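Report on the following structure.
The values are calculated or read from the model by the stated rules, or taken from the named source; none is laboratory data. Values in this document were obtained by computation on a predicted structure and should not be read as measured data. With ideal geometry, Cβ positions are generated from the backbone for all residues, glycine too; neighbour counts draw on all protein chains shown. What goes into the accessible areas is simple: the full protein's heavy atoms, side chains included, and nothing from ligands, DNA or RNA. Shrake-Rupley method; radii C 1.70, N 1.55, O 1.52, S 1.80 Å.
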Amino acid sequence: FSGTFASDWDYEAALSHSQYKARIGWPQIVAARANALFLGPQLGEYEDEDGNLFPIFDADPSRLYRPLTRQEYDSIAARTTYHPKSRTDTLSLTLRNAELFALPAGPVGFAGVVEFGQQSYDLNPDPLATQFYYYSWKDSDGHGSRNRWAAAAEVRAPLHETVNLSLAGRYDQYRYSGNAPGKFTYSAGLEWRPIESLLVRGSYGTAFRAADLHYVYAGIGNDETSGIDYYSCLSDDPGASDCSDYEEGLIRTREGNRDLEPETSTSWTFGAVWSPIADFDVSVGYFDIRMRDQVQDISVGEILRDEASCRLGGLDPASPTCVDAISRVTRIGGRLYGIYVNPINVARENTSGVDVSAHYRRSTPFGDFRFGVNHSWVREH
């Protein structure tokens, strides 16, 4: 809905809804069927000196090295199917005034917006995939929602007949699971037109984004990975510089983190646009973007290094780092078995470079033809 009131104000109210639904399936091997085919029936259990129980089989070794027939593969395989869906709803109200007040160089324009929204997702996995049913894999479930609101304003002011200034500010807040992360962000831009055909411009801005919902609400799931057992390596050889021979397979358990903070960024640009004739223009712009507090899973290698330092006295075992690292590592009979990870605000990313583009328009009796060329050079990433 849009219209005008009080003669100078334009308004627009909008309600938007978007939804994603899918059906995704792929084959998996069923653990019990595969064990029965390759190992035969379980004959009992063996208990080691630490009280750990291990199953006993009398497997035919030749069976392990013979290719499967199609029928044998079909007998141990099943199709796992997911039905993921997500939804986003937003209600917004925008007000605009092209001439809020006047400066000597011209009128000051204003725009303001208020938004309310909700986001939700549901992974809807195969229920059997979240159990120890398929071979070497136990997936996680995930579902959740959050509300958000935002208010923003922008002004464009002519400081001189050749200089324009743009200023904008915005506040966003999210609400979910007892958390309410919010942040004020802003941007500023300056344009200078020394001659009619040349525009010089620059900008600086800040931004943030809330973590993806699956980083927040992912349930517990397992997969298989590997890691270097630095504790065993350095216990055997305290001065070792290469522990690659101590790489072990392990079970990685992962879960979402509802205490994640938003990711943030700053960016600035500088460039020029030259248009010597109405149908041709060329632009050059430098960009520099720096992102902070990006979300990634805790590194398995980092946890295992900290665990070794804590157990061997390199770090204080009572420190928060050691308490956390040791609690994440599971050992059975002293041997590395499993590790627990979750996403945290840990990463940063910088990129800078130059964008160049040129455009040419040509009108002919056969229609309008448009030609363009663009080039990006990434100086650093």
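Annotations
- Those residues of the range 133-183 which are outside any strand (DSSP E or B) and among the polar types (S, T, N, Q), in sequence order: 136, 140, 162, 177
- Residues of the range 92-122 that are among the acidic types (Asp, Glu) and either within 30 Å of residue 219 (Cα to Cα) or in contact with a Ser or Thr (Cβ under 6 Å, 6 or more places away or on another chain) (or both): 115, 122.
- Hits in the range 295-328 (condition: under 15 Å from residue 233 (Cβ atoms) and of a type in the set (Lys, Arg)): 305, 311
- Matching residues in the range 122-145 - criterion: being touching a Phe, Trp or Tyr at 6+ places or on another chain (Cβ under 8 Å) and not charged (D, E, K, R): 123, 124, 125, 128, 129, 142, 143, 144, 145
- Among the residues making up the range 208-244, those that are among the small types (Gly, Ala, Ser) and open to solvent by 40 Å² or more (accessible area, probe 1.4 Å) are 226, 235, 239, 241, 244.
- Strands (runs of 3 or more DSSP E) lying entirely in the range 251-360 (those with 1 or more residues that are of a type outside the set (Lys, Arg) and farther than 26 Å from residue 130 by Cα): 263-277, 280-297
- Criterion violated by residue 308 - all others in (1) over 29 Å from residue 210 (Cα atoms); (2) at pLDDT below 95 satisfied: (2)
- Among the conditions (1) of a type in the set (S, T, N, Q); (2) open to solvent by less than 50 Å² (accessible area, probe 1.4 Å); (3) more than 21 Å from the chain's Cα centre (by Cα); (4) under 30 Å from residue 338 (Cα atoms), residue 140 misses just one, which is (3).
- Some residue of the range 93-102 being within 30 Å of residue 170 (Cβ to Cβ), out of contact with any Cys (no Cβ under 7 Å at 6 or more places or on another chain), of a type in the set (Gly, Ala, Ser) and buried (at least 16 other Cβ atoms within 10 Å of the Cβ): no
- Candidates in the range 2-33 are the residues that are touching a helix residue (DSSP H, G or I) at 6+ places or on another chain (Cβ under 8 Å) and among the hydrophobic types (A, V, I, L, M, F, W, C); of these, the one that is surrounded by the most Cβ atoms within 10 Å (Cβ to Cβ) is 30.
- Taking the criterion of being under 25 Å from the mean Cα position of the chain (by Cα), open to solvent by less than 50 Å² (accessible area, probe 1.4 Å) and without any contact (Cβ under 8 Å) to a residue 60 or more places away in the chain, the residues of the range 324-342 that qualify are 325, 328.
- Hey, residue 345 open to solvent by less than 80 Å² (accessible area, probe 1.4 Å), at pLDDT 95 or above and more than 30 Å from residue 316 (Cβ to Cβ) or not: no
- Subset of the range 147-173 [in contact (Cβ under 8 Å) with a residue 40 or more places away in the chain and surrounded by 16 or more Cβ atoms within 10 Å (Cβ to Cβ)]: 148, 152, 154, 155, 156, 157, 158
- The listed residue being open to solvent by less than 90 Å² (accessible area, probe 1.4 Å) and farther than 30 Å from residue 272 by Cα, out of 321, 351: 321
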